[in-house]
Amino acid sequence: MSPKGDAEGQKTVVSNRKARHDYEILERYETGIVLTGAEVKSLRGGRGSLAEAYARVRDDEVWLEGMHIPPYEQAMDKTRWEPTRARKLLLHRKEIERLIGKTAERGLALIPLRVYFSHGLAKVELGLGRGKRQFEKRQAIAEREHRRE
């Protein structure tokens with residue numbers, strides 16, 4: 001598997017392609033993520049899934065829930081590893097307060113868009129988005145087909 005270099009020093013590990021189809025992304029945030037050593041090794045191997053993942057603000061902290069990172073084969077503590085545990089996301093206090101206000105008042109959702117390594121550190125691109133309705137999805141597909149032709 002060849003590394004995907006998005007920008008200078010970045011390697012995308014996992015992306016959530018369905019999120020761009022289901023949500024209209026209004027803002028994007030780059031966040032750090034708290035991981036164990038074995039989880040980092042598993043992600044470096046290109047293993048992980050954002051299919052069922054979502055982020056939520058809980059007790060003035062942002063948590064990523066539902067992200068699946070399979071156990072690293074050479075890890076010593078495979079038996080204690082919960083693949084879908086909640087993982088803390090690292091943001092500045094002002095960003096967290098802004099997200100609390102946005103998600104509470106307008107019904108917006110926090111969607112993880114991709115997980116990548118930037119200069120050796122694991123990062124999550126978090127999107128603030130509004131869910132698309134069915135007719136909006138069909139309209140977006142029709143526009144994409146029209147541009148393709």
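Kindly indicate the residue of the stretch 115-149 that is modelled with pLDDT of 80 or more and polar (S, T, N, Q) and also surrounded by the fewest Cβ atoms within 10 Å (Cβ to Cβ) among those meeting that condition. In this case the residue turns out to be GLN139. Among residues of the stretch 16-49 being under 17 Å from LEU128 (Cβ atoms) and of a type in the set (Ser, Thr, Tyr), the one that is most open to solvent (accessible area, probe 1.4 Å) is TYR23.
Only one of the numbered conditions (1) without any contact (Cβ under 8 Å) to a residue 60 or more places away in the chain; (2) open to solvent by less than 40 Å² (accessible area, probe 1.4 Å); (3) among the basic types (Lys, Arg) is not met by LYS88, and that is (2).
Rundown of residues vs (1) over 19 Å from GLU27 (Cα atoms); (2) in contact with a His (Cβ under 8 Å, 6 or more places away or on another chain); (3) assigned to a strand (DSSP E or B), yes/no style:
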| residue | (1), (2), (3) |
| --- | --- |
| LEU99 | no, no, no |
| LYS102 | no, no, no |
| PRO112 | no, no, yes |
| VAL115 | no, no, yes |
| LYS123 | no, no, yes |
| LEU126 | no, no, yes |
| GLY129 | no, no, yes |
| ARG138 | yes, no, no |
| ARG144 | yes, no, no |
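Of all residues in the stretch 100-118, none satisfies the criterion of being more than 18 Å from the chain's Cα centre (by Cα) and within 22 Å of VAL34 (Cβ to Cβ). For the stretch 37-49, a tally of residues being in contact (Cβ under 8 Å) with a residue 40 or more places away in the chain and either among the β-branched types (Val, Ile, Thr) or part of a loop (DSSP other than H, G, I, E, B) (or both) returns 3.
Take the stretch 119-149 and flag every residue that is basic (Lys, Arg) and under 12 Å from the mean Cα position of the chain (by Cα). Show your work before the answer.
Within the stretch 119-149, the subset basic (Lys, Arg) is 123, 130, 132-133, 137-138, 144, 147-148.
Scanning the stretch 119-149 gives a single hit, LYS123.
Among the residues of the stretch 50-71, the ones that are open to solvent by 20 Å² or more (accessible area, probe 1.4 Å) and part of a strand (DSSP E or B) come to 8 in all. Residue selection: ALA104 satisfies the criterion of being at pLDDT below 95, open to solvent by 70 Å² or more (accessible area, probe 1.4 Å), closer than 26 Å to LYS132 by Cβ and not hydroxyl-bearing (Ser, Thr, Tyr).
The values are calculated or read from the model by the stated rules, or taken from the named source; none is laboratory data. Keep in mind that what you see is a predicted model, and the values were worked out from it rather than measured. Ideal geometry is used to build each Cβ from the backbone, glycine not excepted, and the neighbour counts take in all protein chains shown. Just so you know, the surface numbers come from the protein's heavy atoms only, side chains and all, with ligands and any DNA or RNA stripped out. Shrake-Rupley method; radii C 1.70, N 1.55, O 1.52, S 1.80 Å.
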